[in-house]
Amino acid sequence: MLFSELANTFDRLERTGGRLEMTAILADFFRGADPSGLRDSVYLSQGRLHPEYFPQELGMADKLVLRSISMAAAKPYDEVEREWVRAGDPGTVAESLIKGGGQTTLFSEPLTLGRVMSGLGEIEMAEGKDSQDRKMKKLFLLLRDAGPAESKYLCRIVTGRMRVGAGAMTVLEALAEAFSSKEARADVERAYNITCDMGLVAETIASGGIEAVRAMRVSVGSPIKVMLAERLPSVGQIVERMGGRCAMEYKYDGIRVQAHIGREVKLYSRRLEDLTPNFPDVAEELRRACLAKEAIVEGECVAVDGSGAMLPFQTVTHRRKKHGMDKAVEDYPVRMFMFDMLYRDGEDLTVRPLPERRAALEGAFGPSDKVGLTSMEIVEDAAAGERFFSTALAARCEGVMAKSLKPESVYRAGSRGFLWIKYKKDYEEALSDTFDLAVVGAFYGMGKRAGKYGALLMAAYDHEAGRYCTVCKLGTGFDDSFLDGLPSMMEGHASREKPHDVDAQMEPDAWFVPAVVLEVTAAEISLSPIHTAASSSLGGGGLGLRFPRFTGRVRDDKGPEQCTTAAEILEMYEERGGGA
Ligand code: AMP
């Protein structure tokens, strides 16, 4: 397959706003594409060379890319740099300066998808002495044979700017439409949620149809999208919603870990990062204590003191650092509290109801003082639930998780629903809950904060539309050291224009591609003429947060797609009788 076929499709997607139209364009492309290129096309549509849980080290600095463009376009570097200062994105510069496409020199070869993948792969692997130079030359060799659209996307991919507006959900919907029917979307989504590998799903549906997709199962080594909880404002409402009977577990304040136990053990975060280097002690103990040959379990890693008592979340964050891990492992002991089992020795347990999964978990581990099960009680009325909640707080947990015990209580990978309902201490206070929001913009400060960012534009995620919608301008709760560190924290996420997937009416001084997630509290949710969250459901204005305040917690365990959703905010707004 020629890379130009894919680049032209990206171009069409980028010029389209509507989700339906994007799905149709993609479905058309998938139907006509050479099946052997389908997997890579799907990865590239998300700016990736591999499935999303595979760490990608492609990030080339803009100036290095400008050097490749300068060589490919045969233009002086200064001229290329001037264009870049104006446009802000090497992709746009490449598109306007590189006129080639086709064999322009004796040495040129057609730019096939296969060549692009291996060229990008070599750029990713280049290490050590002269690696920058080698990356630059590899990119030049691709650009030399590329036309304007191909150049644009090559440069966007290597600089981490690939956002054509078609998110995971749109791609999956298009795959269902192309190879089965719209109705097959739920099965395609489930296959993706249990494998986290959109390319594999594409290949499977293209070769074996929807039946093959339905037959896909979880497997050790390929992470599963985590199941998430809804929230309700009181224990009484939770027990009622659960039909008068449910399991209640402590809600531990730590780091969620999905452990894949085989001959070796791999630990994944809820963002699918590899956490094995951060918790080598937990990995080792899981292998030792696990009675199964192969298993996938989930739990929360919490810092504990010498007596085993739980310590606040801030302590366990020492285990998320990139360096000095040996010392952190020694200084900050942890315990893993397991709450679910998704697979055991050939059996996919995600399709089993919770009581069966819990029984499997209980039977799968021998005694250990480093890994164990969550505290759990079956609750049959609100008073028992309240008592359990108080015990959880006394044990220094942040609240409780109620879980359905009904036959339909399967593990719903990647979804947030009422099979699990969380209830936290904050809900009892006037401020109802915290929101995890993505930074999409910044405003320069005044007075003491002049010259620095003083406030941030924050957005919730609209899961259905795949877009980020603003909910507040956040200027409270920052201390000086946080504000000083902001530019470096946001480095690499700056965008010259409003990012393609952000819905905002406010015009901040700087735009950011959604990447960094902060925890925010607010006094109230109210209708807002300027914010855009849930505006499609409300018809008119959107929802905004009043008196927002940063709690001090950067949610680096969450990706932007895992922020609080616009639908959740709408639900909370309606629960409170429309903001009253
Ligand atoms: P939140 O991050 O507030 O949406 O709450 C959901 C998170 O609570 C999960 O992702 C887990 O990291 C954490 N958690 C703590 N205890 C439990 C538990 N017993 N069951 C499930 N999740 C838990």
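On the beta carbon distance between Lys137 and Gln505, with R0 = 45 Å, the FRET formula returns roughly 0.50.
To put it simply, the accessible area of the chain at a 1.4 Å probe is 51 percent carbon and sulfur.
Listed cross-link partners Lys225/Lys266; Lys322/Lys473; Lys138/Lys498; Lys225/Lys558 are compared with a 19 Å cut-off, the Cα-Cα value being larger for Lys322/Lys473; Lys138/Lys498.
Please give the contour-minus-distance gain from Asp62 to Lys425: 0.36 nm per residue of separation, less the Cα-Cα distance, rounded to one decimal in nm. The partial results should precede the final answer.
Values: separation 363, 0.36 × 363 = 130.68 nm, distance 4.57 nm.
Gain on stretching Asp62 to Lys425: 126.1 nm.
When you filter the GluC sites (Glu not before Pro) in region 33-92 for DSSP loop state and at most 16 other Cβ atoms inside 10 Å of their Cβ, you are left with Glu57.
When peptides 209-217, 469-477 are ranked by their average number of other Cβ atoms within 10 Å per residue, the highest-first order is 469-477, 209-217. Considering only DSSP beta bridges where both residues belong to region 435-575, give the percentage that are antiparallel (nearest 5). The antiparallel fraction comes to roughly 90 percent.
Relative to the current alpha-carbon distance between Glu211 and Glu362, full extension at 0.36 nm per residue lengthens the span by 51.0 nm.
Summing -39500 (n - 2.57) over the DSSP H runs of n ≥ 4 in the chain and dividing by its residue number, what mean residue ellipticity at 222 nm do you reach, to the nearest 500 deg cm²/dmol? Don't skip to the end; give the middle numbers.
Values: 21 runs with 219 residues, N = 580.
Rounded to the nearest 500, it is -11000 deg cm²/dmol.
Taking label positions 7 Å along the Cα-Cβ direction at both Val351 and Ile378, the computed distance is 2.6 nm, reported to one decimal. Return the whole-Å distance between the Cα centroid of region 501-580 and the Cα centroid of region 48-80. About 34 Å separates the Cα centre of region 501-580 from the one of region 48-80.
Calculated FRET efficiency, Ser536 to Glu240, Cβ-Cβ distance, R0 = 30 Å: about 0.50 to the nearest 0.05. Beta-bridge orientation, the chain: approximately 85 percent antiparallel, per DSSP, counting only bridges with both partners inside. Each peptide in 266-275, 367-376 gets a packing score, the mean of other Cβ atoms within 10 Å over its residues, and the list from highest to lowest is 266-275, 367-376. Spacing of the modelled spin labels on Lys75 and Tyr332, each 7 Å from Cα toward Cβ, amounts to 4.7 nm.
With each label modelled as a point 7 angstrom along the Cα→C-beta vector, the Leu291-Glu571 pair spans 3.7 nm. Run the numbers on the chain and let me know its relative contact order in percent, using alpha-carbon pairs under 8 Å that are six or more apart. Answer for the chain is 12 percent.
If you take every residue apart from Ser404 with its C-beta less than 14 Å away from the C-beta of Ser404, what net charge results, scoring Lys and Arg +1 and Asp and Glu -1? Around Ser404, the charge tally is +3.
Normalised per residue, the accessible area of region 435-575 is 42 Å², obtained with a 1.4 Å probe and no contribution from ligands, DNA or RNA.
Computed from the C-beta positions of Ala186 and Phe547, the FRET efficiency with R₀ = 41 Å rounds to 0.55. When you filter the trypsin sites (Lys or Arg not before Pro) in region 1-38 for DSSP loop state and at most 14 other Cβ atoms inside 10 Å of their Cβ, you are left with Arg15.
Computed on protein heavy atoms with a 1.4 Å probe, the accessible areas place Trp84, Trp511 in the order Trp84, Trp511, largest first.
Applying the Karplus relation 6.51 cos²θ - 1.76 cosθ + 1.60 with θ = phi - 60° to region 38-43 yields 3J(HN,Hα) values of 5, 4, 5, 4, 5, 4 Hz, where x marks Gly and Pro. Rounded to the nearest Å, what's the spacing between the alpha carbon centres of region 22-37 and region 197-237? Just the number, please. When both Cα centres are located, 22 Å separates them.
Maximal additional length on extending the Glu284-Lys322 stretch stands at 11.7 nm, based on 0.36 nm per residue less the C-alpha distance. Over region 260-362, accessible surface divided per residue gives 46 Å², non-protein components excluded, 1.4 Å probe. Rounded to whole numbers, the Karplus 3J(HN,Hα) couplings from phi for region 82-97 are 4, 4, 5, 4, 6, 8, x, 9, x, x, 5, 4, 4, 4, 7, 9 Hz, using 6.51 cos²θ - 1.76 cosθ + 1.60 with θ = phi - 60°, and x at Gly and Pro.
The values are calculated or read from the model by the stated rules, or taken from the named source; none is laboratory data. For clarity, every value in this text was computed on a predicted model and none was experimentally measured. Every residue, glycine among them, receives a Cβ derived from its backbone with ideal geometry; neighbour counts consider all protein chains shown. Note: accessible area is taken over every heavy atom of the protein model, side chains too, but ligands, DNA and RNA are not part of it. Shrake-Rupley method; radii C 1.70, N 1.55, O 1.52, S 1.80 Å.
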